[in-house]
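Structure, as structure tokens:
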Amino acid sequence: MDGLIRLLYNFKFNAFGIELDSGDLIGSVQKLTDFSSVQNINIWSIGKIVNDCVIPVALSLLILFFMINLIKKSIEVDKISWERVAMSFVVFFLLKYFIMNGYTFLSTIMNVVNDIFVTVTNALNNSSSNINIAETLVNAVPNRVR
């Protein structure tokens, strides 16, 4: 039974140029979530290209919906005020800013989370704990089943 469990849960493979190993689970997760290494693989550049293609479409839709909203507000002559028009422009410029800088926000959030994760994994590595899925499962199976 031990051999079967080790055979099923002992794996090592490469994904996106990062080696994942069940024998060193903490190291594998650390490599996978290391933001500096993620920026060097192809999927990051593909995401950047997709973002650069989505921005013009998003801005076009934003302008279209802004104009529709402005026309609706101007039709309601009795409810129109400079505050409502000014608020429409404020919302437009805020949304435009978020669309243009969304990728930068995502990168900043990923850097902060990565720093927290690196701190936690370094603390775990310093305690010299090594998580191996196969060995943990073998140890969890009662002796009479083996």
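Throughout, read-outs are computed from the coordinates displayed, never taken from laboratory work. This structure is a prediction, so every number in the text was calculated from the model and none was measured. Cβ atoms come from the backbone with ideal geometry, glycine included; neighbour counts cover every protein chain shown.
Listing for the model above:
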{"item": "Lysines with Cα under 22 Å of Lys73, excluding same-chain neighbours fewer than 8 positions away", "result": "Lys96"}
{"item": "Anchor Lys48: aspartates and glutamates whose Cα lies under 19 Å away (excluding residues fewer than 8 positions away in-chain)", "result": "Asp34"}
{"item": "Cα→Cβ-extended label distance, 7 Å offset, between Ala140 and Phe13, nm", "result": "2.1"}
{"item": "Over segment 40-103: Kirkwood hydrodynamic radius from C-alpha pairwise inverse distances, Å", "result": "13.6"}
{"item": "Cα→Cβ-extended label distance, 7 Å offset, between Ile46 and Val90, nm", "result": "4.2"}
